[in-house]
Structure formats: C-alpha cells, structure tokens
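Following: one structure in structure tokens, then a few remarks.
What follows draws every value from the coordinates through simple rules; no lab data is involved. What you see is a predicted model; the values in this text were computed from it and never measured. Heads up, the Cβs are rebuilt from the backbone with ideal geometry, glycines too, and the neighbour counts pull from every protein chain shown.
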Amino acid sequence: MPKNTEGQDIVSIQNVIKEYHLDKVVVPALRGVSLSVEAGDFLSIVGPSGSGKTTLLNLIGCVDVATSGTVLIDGHDTKSLNDRQLTDLRLNTLGFIFQSFNLVPVLSVFQNVEFPLLLQRKFTKEERAKRVDELLEKVGLDKHTQHRPSELSGGQRQRVAIARALVTRPKIVLADEPTANLDSVTGENIIDLMKEMNRVEKTTFIFSTHDAKVMSHANSVIRLADGKITDGKGAKAGAH
Amino acid sequence: MSQLFLIAFRNLVSHGRRSLFLGGAIAGVTTLLVFLGCLSSGVKQTMLESALTVATGDMNVGGYYKVTAGQSAPLVTDYKKVQEIIQKTLPDLDFVTARGRGWARLVSDQASMQVGIAGVDMAHEPRLPQVLKLKEGNLQDLAKPGNVLIFENQAKKLKVKAGDSLVFSVLTDRGVNNTVDVKVCGVAEDMGLLTTFNVFLPQETLNKLDQTNESTTGAVLIYLKNRRRIPQDVDLLRKALTGAGYNVVDRSSKAFWMKMQEVNKEEWTGQKLDVTSWDDEISYVTWTLSAIDGLSFLLTTVLLVIIAVGIMNSLWIAIRERTREIGTLRAIGMRRWRVMVMFVLEAFCLGVLGTAAGAVLGSFLALILNAMHLPVPAGIQFFTMSTTLKFALDPARILGGMAIITFCCTVISLIPSFKAARMRPVTAISHVG
C-alpha cells in the first residue's frame, strides 16, 4: 500500500465524468473534473445546490463509481477494485461525516464510535475502549458515552459522527455539508473541532459547504458549478 | 457479531408493537404445535403403557397352530424351549413371560360379552402389579386358579363387582363347547381401548378352559432393556428361531390377530411362529397418533406460511425505514454479508423469543389440562386410549418444534436481507423516506 506523507497527493482525480440515467434522460453531474488533494489538507468544496459537490465526495468516498476518468485514493485506482476491496478501503482509509449525522439510533454514543473498530477486528476490547474514550474526550462527549443519539442535541450528534469518522485513524475524512443541519454557532464549533483534529491527528479533511463562514476555515477551496471546477488551488477545471 | 445481535435485538425492542404482533403470532403457532405435540406424546405414552400391560411385550413370539389347513389356533407349543432361545439370542433382554391367548364369552347373571383373554402366571409378571390400578379386589388373587381380573367398564356392562361369579364359555380348538366358573378377584381402572375387551385369567384356568396342556401358551412376551434395538432384535430372533428348526411366518408389521385370517387361507398344517414388536401389535390403533401428528403438521404449515409473509413484510418495512442506516454502515466499511446477517439476526431473535414464549405457554397449558384430569367422552376414548385427557411433555419434540419454526423464520428473512445487502451504498445513503 502506498504511503502518503504530508504534502503528497492522497486523492488524485483525472478527467472524471459522472452521469446519472433517469429513464432515457442522461443527467451529467460531473463534467470532466480533475483534482489533486495533498495529505493533511483541510479542503472545502463549495458551490450551489446541484453543482456536483456530493457526487464528487461520493466518488472520493468510494461509495459511487465514475462513468469515466480515474479516481486514485491513497494510490488505489477505485475502478480496479471490487466491492469487498472498496469496502475495506472505506473502512481503513476513509472516514465519513454526514449532513444528517447518520448514527445508528439503537446504539449508544460509545457503541456508535466503537463500531468501525469492531468491523476492523484488529483491536482488543481494552484497546478499542481506550481509543473511543480518548476521542470522546476530545470531542467533549466523555460524559455522554451511554446516551443514545436521540438523547443528544444536533451539535452533540455531529461530534459523535466526527469521533466515529476518526476512530480508525483514517487518512481522509469526508464531510458532506457537516454544518447544514446546525445553527451557526454550533456549526462554527464543529468546523473548529474538525480543524483541531486535522491539526492534531494529521488527517486530511475534505468537506462540502455553501456557507462562506465555514469555507473561510479551509486551507484550500475548490469551487464547483454545473459539474465543473471553476476555481481552486491545485485543482484544474474540466475540459468538457 | 455481538454488536450485530445487539442492533438486531434493540431494533426489535424499538419497534415494539410490530415485534409484539409478529412475535405473538410465532408464539401462537408454537403454542399450538407444542400443545398438539404434548397431546400426541400423551396418547402415545398411554397407548404404549396400555398395550405393554394388556396385549403385548416389547417383542412377542406368537404361534399359529393348525390341525387342519383352514383353521388356526393361537398357540406356542413347548414354549420353554422358545424362551431358552430368546434368552440366548437377545443380549438386552430384561425379562420374558408366557401369556395364554384366548377368545371367549364371559357371562354374568345379567349380561354377557365377548372378551379377549390373557392367561397370566403372576410369578413371572413383574410389570402387572406396577401398572394395573385396582378399583376393588386383590391383584395377588390372580395367582390362584379360578379367578379373573376385569376392568371397570366390563364390570359395569356385566353388572358385577369383586367377589361375584362369572362363567367363561368357549368353543375349543377340539370343537367342544367348554365352560369354566370363575370369581372376580379384582376390578382394575380402565386403560383405554385395549381394556374394553381384554381380561386377565390365571394361565392354569385358561389351559382348563381351552383344554390345552401346561407346556402350551399363547405367546411369549419379551421385555427389553433398550427399545431402540427392537427392529434389529426382531431380525435376530427370527434367524435364531429358524436356525433352531422352527417355521416362522414372513415378516409383516400387522398385529398377530390381524394375520390370523391370512394364515387360515394357507395350505399348511402344524405350527408356525411369528415374531412381532409392540408397534406391530397395536398398528391398527397407531393411526390415531399419525392423525394428531398430521393435523399438527398441517395447521403449523398453514400458520407458518402466514407468519412467513408477515415476517417478510415486516422486514421489507424495516429495510425501507433503515435504508439510510444501511447506506451509512456500508459507507463506514460494513461488508455486504454483515448487513445481511444483521437483518437475518433480527428474524432469528424474533423466532427464538417467539418460539420460547410459545413453548412455555404450550407446555404450561398442557400441564394444567393434564393436572385437571379432564374426562374424555366414551366415543373419543377410542382415539385417546384413555378415560382422561393425557398430555406428556417431550423436551426433544418441543425443542425440535422451536428449532423448525425459528429456522423457517430465519430462512424466510434471507430474501429481504439479501436485497438489503445488495443495495448500492450511494443509493442507500441518499434515500429519503
């Protein structure tokens, strides 16, 4: 497995086209996007609704495949991987933070965060507990470990989601509009937390937003419009 | 896996009403299955106890004795020699006893009835005192010649009680009408169908009635330590008897009496022995068990189909409700088979809990009804083989039923679970609803 150190490309996308087929109509979501993301970056993808932000994050997150073009994640060409390999890549290399938090409602805060470690089957119970407690302390939820998601506020839930995304020490964390369902103060806190994790854990963060305030925290910004990159440091707009 | 179990269990709890409805249906079917199973086991137990007391041993060696080609008598001549062969051949023999077999008219002052007679030697009948429950009289008097033991319903029909006199009247195999006076030494509690037409008489008195000698009996009853070996033991004994020079009739699963007409049509004269097992001897009534088991199977199958549809629907709803959760779990690295297992476990948990509740309920119901000693109407006693409704808990059968129902619930959940596992993560994550 290729190793990335800070400053090297951990995500490399070349001429990616993504089209959706709605009955007989072809809807283009990405029109030839090329993009490189350096390890340790805190990158924001911005653009209006329908610009292709979520599609781009889905492709980087290996939950969707490009119609054409190349997506390299940590040196792996996602097109050459089968479902099992993609699942393992998501488990070991990527972390996800969703707009609607997407926690498992029947599990406690601790169990939600521990879950990816259980899927990895690499650690003992004690090691898992240590890692989960450490992260929950960092996100300020060490007093809520036994609560269920329904007993938490939106901001607290998103903190749990951040802890869950980071628990496996992934190289990349993808966040699709992580502050969209939060008030501005809580949203600001969440971005601060992500930034802090980016600094402490050296994790690459790629997040989408259309909030200028949130965007201002990013080291790099990619602007998308109509499925094309229109502006961005280290990024190239598509040819189509 | 424990986390998947936890998710499955908590999801069942969180959808309490739906789980309760489906679990209740599963529990209902299990209750019915267990209840009918207990009834079947109870009837079987009664049937076995009754048959092994009145009509048969675990195995029997009977004899057809034909002086003329057209008529046979149920006799085994020189039966002690046969007993020796049995003792040498069967390693798991418990004990062996000779019983005379006969058919005569039993006449009282006010009524008469046709009865089957079992001629017993009480010194060699260790089971009878343990099993027969006397309403009146003394069982030990059956050891004395000139006494007869009858059953409750016979006493009622003949309008006699212990100490009263009766007369046996029979047309012997020698073609002579013979009668013997006897005294009722005891009236025993009824034990179902077989005790409606069977009485016990000392062997000596039966010999006198049938005008046969001491070395002749009706059948040799064999009691074994291990009933599971009966089929092998039947074959073993048939070979041993043939090897000792006896003619043995072809193996058939019919009762000794049922084969008599066929034997009468055959051309030979002399003696042929017949080796039967207890279930051969009561094969003409075991259809009762098959009927109860068949009814259980039919009812359970129909209800299981209904439950299967319910489980499938319920899982489809659960999967639809939790599509985004499936997408999230797939995104964070859960493999397809684990998603499938997660939903299968839900149905499995529901099956285990539902069947456990049903088994407890069914067993409890059977035990209560058993303790109530509910009387069975006379017409139905033929089927139940008992004057009261009897249920017996058979743990293997109950666990088997639970396992089958749980297995069906689990298997049926594979279809929706497989579909859930095949969902594309991107489609599942973006699901709205």
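Scaled to the globular estimate 2.2 N^0.38 Å, the Cα spread of the stretch B:59-281, given as radius of gyration, is 1.01.
Projecting the Cα atoms of B:Val341, B:Leu295, B:Tyr284 onto the dipole axis of chain B, where Lys and Arg carry +1 and Asp and Glu carry -1 at the beta carbon, places B:Val341 farthest toward the positive end. Using C-alpha pairs below 8 Å separated by at least 6 residues, the relative contact order for chain B is 28 percent.
Of the DSSP H helices in chain B, those with a Cα length along their own long axis of 30 Å or more and a mean Kyte-Doolittle hydropathy reaching 0.0 comprise B:16-54, B:287-321, B:336-371, B:395-421. Compactness of the stretch B:273-364 was expressed as the Cα radius of gyration divided by 2.2 N^0.38 Å, which yields 1.83. Checking the Cα-Cα distances for B:Lys44/B:Lys80; B:Lys44/B:Lys225; A:Lys138/A:Lys202; B:Lys208/B:Lys254; B:Lys157/B:Lys183; A:Lys18/A:Lys122 against a 26 Å cut-off, the pairs over it are B:Lys44/B:Lys80; B:Lys208/B:Lys254; A:Lys18/A:Lys122. Placing pseudo-labels 7 Å out from each Cα toward the beta carbon at B:Glu189 and B:Asp164 gives an inter-label distance of 2.2 nm.
Return the average number of partner chain Cβ atoms within 10 angstrom of each residue Cβ along peptide A:57-64. Can you show the working numbers first?
Values: counts 0, 5, 1, 0, 4, 3, 10, 6.
If you average over the peptide's residues, the count of other-chain Cβ atoms is 4.
State the volume of the convex hull built on the alpha-carbon positions of the protein assembly as shown, expressed per residue in Å³ and rounded to an integer. Could the numbers behind the result be given before it?
Details: hull volume 151.9 nm³, N = 673.
Each residue corresponds to 226 Å³ of Cα convex hull volume.
Taking amide H as placed 1.01 Å from N in the peptide plane, the amide H of A:Thr67 sits under 5 Å from that of A:Ile17, A:Lys18, A:Glu19, each at least 5 places away or on another chain. Cross-link reach is defined here as a Cα-Cα straight distance under 17 Å, omitting same-chain residues fewer than 8 places apart; for B:Lys259 the lysines meeting it are B:Lys66, B:Lys272. Simple point charges give the picture: +1 on the Cβ of Lys and Arg, -1 on the Cβ of Asp and Glu, and for the stretch B:59-281 a dipole about the Cα centre of about 160 debye.
The stretch A:83-100 and the stretch B:180-234 have Cα centres separated by 80 Å.
Couplings 3J(HN,Hα) of the stretch A:204-221, computed from phi: 6, 10, 10, 9, 9, 6, 10, 9, 4, 5, 5, 4, 5, 7, 6, 6, 10, 10 Hz, in residue order, whole Hz [Karplus 6.51 cos²θ - 1.76 cosθ + 1.60, θ = phi - 60°; x for Gly and Pro].
If contacts are Cα pairs under 8 angstrom and at least 6 residues apart, what is the relative contact order of the stretch B:59-281 in percent? Mind dumping the intermediate values first?
On the way: 475 pairs, mean separation 75.6, N = 223.
Across the stretch B:59-281, relative contact order equals 34 percent.
Beta bridges per DSSP, both residues in the protein assembly as shown: antiparallel share near 70 percent.
Express in nm, to one decimal, how much length is gained between B:Val302 and B:Trp268 on full extension, taking 0.36 nm for each residue of separation and deducting their alpha carbon distance. Intermediate values should be presented prior to the final figure.
Values: separation 34, 0.36 × 34 = 12.24 nm, distance 5.28 nm.
Contour length minus the Cα-Cα distance gives 7.0 nm.
The distance linking the stretch A:154-198 with the stretch B:1-61 is 52 Å (Cα centroid to Cα centroid, whole angstrom).
With contributions of -39500 (n - 2.57) from each DSSP H run of at least four residues, the per-residue ellipticity at 222 nm computed over chain A stands at -10000 deg cm²/dmol. Between the amide H of B:Arg101 and those of B:Gly119, B:Gly218, B:Ala219, distances stay under 5 Å, these residues lying 5 or more places away or on another chain, with hydrogens modeled in the peptide plane.
Helical runs (DSSP H, four residues minimum) scored at -39500 (n - 2.57) apiece and divided by the length of chain B put the mean residue ellipticity at 222 nm at -17000 deg cm²/dmol. Over chain A, with a Gaussian network built from C-alpha contacts below 10 Å, which listed residue (A:Ala161, A:Ala212, A:Ala180) shows the highest mean-square fluctuation? Maximum among the listed residues: A:Ala212. Taking every C-alpha pair closer than 8 Å and separated by at least 6 residues, the mean separation divided by the residue count of chain A gives a relative contact order of 30 percent.
Of the GluC sites (Glu not before Pro) found in the stretch B:173-239, the ones in coil according to DSSP and having at most 16 other Cβ atoms within 10 Å of their Cβ are B:Glu189, B:Glu214. What residues from the stretch A:126-164 fall in the zone where the backbone N is under 19 Å from a label point 7 Å along the Cα-to-C-beta line of B:Val13? Counting only backbone N, you get A:144-152. Within a straight-line Cα-Cα reach of under 16 Å, B:Lys390 can be paired with the following aspartates and glutamates, leaving aside sequence neighbours fewer than 8 residues apart in one chain: B:Glu49, B:Glu189, B:Asp190, B:Asp293. Annotation: for a label point projected 7 angstrom from Cα along Cα→Cβ of B:Trp316, residues of the stretch B:399-421 with backbone N closer than 11 Å are B:416.
Modelled spin labels at B:Leu171 and A:Ser12, positioned 7 Å past Cα toward Cβ, are 11.0 nm from each other. Going down the table (A:Lys79/A:Lys171; A:Lys53/A:Lys143; B:Lys88/B:Lys144), which pairs top 26 Å between alpha carbons? Where the Cα-Cα span goes over 26 Å, the pairs concerned are A:Lys53/A:Lys143; B:Lys88/B:Lys144.
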